[in-house]
Amino acid sequence: MVARTIPVQPFDLVVFGATGDLARRKLLPGLFHRLQAGQMPEDARIFGAARSELDDEGYRAMARESLEEFVSKEDRTPELVECFLGMLHYVSVDASSDEGWPVLAERMGEGDAERVRAFYLSVAPRFFGAIADRLAENGLVTPESRIVVEKPLGRDQESAHALNERLSSHFTEAQIYRIDHYLGKETVQNLMAIRFANALFEPLWNARHIDHVQITVAESIGVEGRGSYYDQSGAMRDMVQNHMMQLLCLTAMEPPAHFDPDAVRDEKLKVIRALAPMGPNEVPRATVRGQYRAGSGGASYLEDAENPDSTTESYVALRAEIANWRWKGTPFYLRTGKRLRTRMSEIAVFFKDPPHSIFTDQVSALHGNALIIRLQPDEGITLRMTIKDPGPGGMRLTEVPLDMTFADAMGAKNGTKVRMPDAYERLIMDVIRGNQTLFMRGDEVEAAWAWTDPIIAAWGASGEKPQPYDSGSSGPEDALMLLHRDGRRWREIAS
């Protein structure tokens, strides 16, 4: 493998919510790895901002603990750790008041207007607007500023539009980065490469040759620790409207004219707008909601959410259709859930069976090819093929996988396996570079809500509770029927 690391220009990065879990687990370790790779300049400045009363040294001590926990020992050379910690600064800031903002402005200094300033909002969504307002009021927004916001981006189309309007009052659309870490995964980006950099698949990437597509995001853990938040959102708002919608778009979109941010996002937007809407009559037949019960894996959802009357779903399965020429008649099945048999995320593209079999006594062994794109764990790609079973005794057919796992296929470097960068590493560097290709645009977010809102409303109007399912299972029984009615089966969620 030939790796090429392109250094970024000097920058200032302010992480709001700097003492939180995301900053400790992902952002600080990711930035350290970018310094290690030679991509981040040593004169970059990273400001932690949170309500905690810390000073620079206190924050650096916290960051050191983070590196010790989430960065391998062989990567933490003393010189590199000290260099990274020296880049860190801390300011106590209250997002809901004026406290600390003048200090942040002073410490950042007037500086060079050409220097990139990135503001990463790793905080609760209710603070997004207030932080944007105070950044502008304190003169911290420059032409080279960017603001990064995490999901959830609203809880419906109306609130998403209001958030977009508020952010746009201080930042241009080119300065707003709506981050979805799934888009930073190597396998997701490789989906575009597989489709548009090879002549093999794209001529077959349509309803004439593809029978159906399954997109699965399964988690083995429950909502423990974040039950109060999750109970206000549910699987549809937490996963389908954002992560899974993005995977659907990249799978189904038309080839963009150029590989640039707006060309890619224009094509994704077309997919969302082409999704066949679901009315109250379609929702019961095309969607399934579930809620996990107590089991060997732990407490029930109702216990984790501390709400015995909750009707919030921890599992969703649905059948979507894209009403355009490429995909008319090809269903897309989406499912996601908590406390399932194992943790896995994948896109499975099932091609149609051969139109005619010359192996008359082997018909039962013939199945359509399938392309499996694994996002986690063990990122990679598998192509399922039918071949002759080796040996004498006639023409016996069998299925074999042509498998490629990135960690193995990208080989070893000097006898050592090449480390696969975390999604946040790639995305943060894209923010500094000003590349929005892997970030959502405002109209894209609102269009996704416009499709999911009627489904959520129909669930609420029905008054039906989510179906219970066993912890450690593959989900509710009715999710199986969603495909069985169409003569298909889910791929197994293997333990």
Notebook entry, point to check: Within region 100-125, can you find the residues that are free of Cβ contacts under 8 Å to residues at least 40 places away in the same chain, within 19 Å of G48 (Cα to Cα) and open to solvent by 40 Å² or more (accessible area, probe 1.4 Å)?
Noted result: P102, V103, E106, E110, P125
Notebook entry, point to check: Of the residues that sit in region 355-384 and are aliphatic (A, V, I, L, M) and loosely packed, with under 13 Cβ neighbours inside 10 Å, which one is modelled with the lowest pLDDT?
Noted result: V363
Checklist line | Qualifying helices (runs of 4 or more DSSP H) (wholly inside region 185-274; at least 2 residues being open to solvent by 20 Å² or more (accessible area, probe 1.4 Å)) | finding: 186-196, 227-230, 261-274
Check: Checking G337 against (1) at pLDDT 95 or above; (2) in contact with a Ser or Thr (Cβ under 8 Å, 6 or more places away or on another chain); (3) farther than 22 Å from E492 by Cα, which single condition isn't satisfied?
Finding: (3)
Check: Could you list, in sequence order, the residues of region 286-310 that are free of Cβ contacts under 8 Å to residues at least 12 places away in the same chain and either open to solvent by 90 Å² or more (accessible area, probe 1.4 Å) or within 30 Å of E202 (Cα to Cα) (or both)?
Finding: E303, P308, D309
Check: Which residues, taken from region 126-139, are without any contact (Cβ under 8 Å) to a residue 60 or more places away in the chain and open to solvent by less than 20 Å² (accessible area, probe 1.4 Å)?
Finding: F128, G129, A130, A132, L135
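The values are calculated or read from the model by the stated rules, or taken from the named source; none is laboratory data. No experiment lies behind these values; they were computed from the predicted model shown. So basically every Cβ, Gly included, is an ideal-geometry build from the backbone, and we count neighbours across all protein chains shown. When the accessible area is computed, the model is the full protein with side chains, heavy atoms only, and any ligands, DNA or RNA have been set aside. Shrake-Rupley method; radii C 1.70, N 1.55, O 1.52, S 1.80 Å.
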